[in-house]
1. Applying 1/(1 + (r/R0)^6) with R0 = 45 Å to the Cβ-Cβ distance of Ser175 and Ile329, what FRET efficiency is obtained, to the nearest 0.05?
2. Residues with beta-carbon under 10 Å from that of Val16, excluding Val16: net charge, scoring Lys, Arg +1 and Asp, Glu -1?
3. Based on other C-beta atoms within 10 Å, arrange Ile335, Ile281, Ile207 from fewest to most.
4. Suppose the chain between Val313 and Val144 were pulled fully straight at 0.36 nm per residue; how much longer would it get relative to their current alpha carbon spacing?
5. Work out how much length Gln130 to Val222 would gain on full extension: take 0.36 nm times their residue separation and subtract the Cα-Cα distance, in nm to one decimal.
6. Where does helix 273-285 land angle-wise versus the long Cα axis of the chain, in degrees 0 to 90, nearest 10?
7. Roughly what would the spin-label model give for Thr239 and Ser201, points 7 Å off Cα along C-beta, in nm?
8. Going by alpha carbons, how many degrees (0 to 90, nearest 10) lie between the helix axis of 108-123 and the longest principal axis of the chain?
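Every number here is computed from the coordinates shown, using simple stated rules; none is lab data. Given the structure is predicted, the values throughout are model-derived calculations rather than measurements. No Cβ is skipped: glycine too gets one built from the backbone with ideal geometry, and neighbour counts run over all protein chains shown.
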Amino acid sequence: MNSLSDSISYRLTPHVPKNFIMVLLICGILLGICVFASLAFGSRLVSWNELIDGLFHPNVDSYGANVVRKRISRTVFSLFCGAALGVSGALMQAVTRNPIADPSILGVNTGAALFVVSGIAFFNISTASQYIWLALAGAAITAVFVFGIGSMGRGGATPLKLVLAGAATSAALSSLVIAIMIPRSYVMDQFRFWQVGSVGSASWDAITTFIPFLVIGVLIGVISAPALNGLALGDEMATVLGIKTGMLRLIAAIAAVLLCGATTALAGPIGFIGLLSAHAIRLMLGPDLRFIIPLSAVSGAIILTMSDVIGRVLGSPGELEVGVVTAFIGAPLLIILAMKLKVRSL
């Protein structure tokens with residue numbers, strides 16, 4: 001009884017972890033390093049003077065300075081996409097009480113990708129705003145479908161059933177995407193890099209289109225964090241505490257879909273960022289979602305931006321798409337988590 005009372009008190013009362021300031025400082029330093037690396041490294045390494053000229057001297061028209069200016073939008077875009085995927089993953093884990101939930105693992109990214117590819121193939125869509133609305137529709141429908149399938153049978157929506165439902169759905173939708181693209185070479189040419197996930201096509205127009213979805217999704221996540229802490233205690237306890245569990249899950253799921261759908265529309269189905277970022281923060285600060293959700297945005301931005309830099313350096317003079325890098329890092333982690341956590345509920 002005492003352990004239950006301690007758990008409720010920990011999750012629902014103001015409690016700042018002892019190492020919060022240190023974690024915040026580390027995240028700030030890593031974020032600064034990632035921004036610098038993203039601007040300085042790539043197929044062409046720029047000098048310190050070229051970096052300064054590109055950032056602060058718009059009148060300088062050297063090749064190096066122009067390279068830096070081109071990388072600014074890419075850096076901002078990768079930071080925003082990483083933040084969105086980090087918060088989306090943390091919300092999905094909280095809503096499903098599944099420690100290995102992630103937009104890519106539950107098939108949500110693939111559903112968004114299917115709708116975008118279908119829109120290009122059958123309706124000739126071509127703008128970022130059209131991509132986003134189609135991706136949101138695909139992500140939402142897939143999320144509802146996976147949760148519905150995972151809820152069938154005894155025990156309801158267990159973590160293992162959700163993962164299996166997500167994997168099966170993702171495989172089926174991926175086959176549909178391929179079936180649509182193969183006979184249409186123009187679609188395949190346009191999205192062959194998008195499908196593995198890339199921030200290389202970043203533009204200020206895409207960033208401007210993306211910002212409202214990012215702000216709304218993150219705000220909903222941060223505001224709902226205290227109630228999600230109550231949900232982590234179980235539906236019965238959450239109901240006793242006055243939490244409307246059905247409405248809370250719906251609102252948090254909408255925020256998660258907004259974030260991952262908008263990101264997928266503009267950058268492609270980048271996987272494992274939500275899984276990596278949320279677990280990194282949980283490992284350092286504990287299970288309190290009031291800290292996990294906002295700091296997952298920071299850790300997600302760090303992981304995606306650094307993955308993009310690694311892809312550019314390893315693939316020089318070309319580049320290795322960021323989705324390949326995150327999959328290479330995230331897949332082993334997923335196996336380790338599944339073995340250690342035994343796919344238990346949060």
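1. Approximately 0.95, to the nearest 0.05.
2. Every neighbour counted, the sum reads +1.
3. Least crowded to most crowded, the residues run Ile335, Ile207, Ile281.
4. Net length gain for the segment: 56.9 nm.
5. Using 0.36 nm per residue and subtracting the Cα-Cα distance, I get 30.4 nm.
6. In the chain, helix 273-285 runs at an angle near 60 degrees to the longest axis.
7. Computed distance between label sites Thr239 and Ser201 equals 4.7 nm.
8. With rounding to tens, the tilt is 50 degrees.
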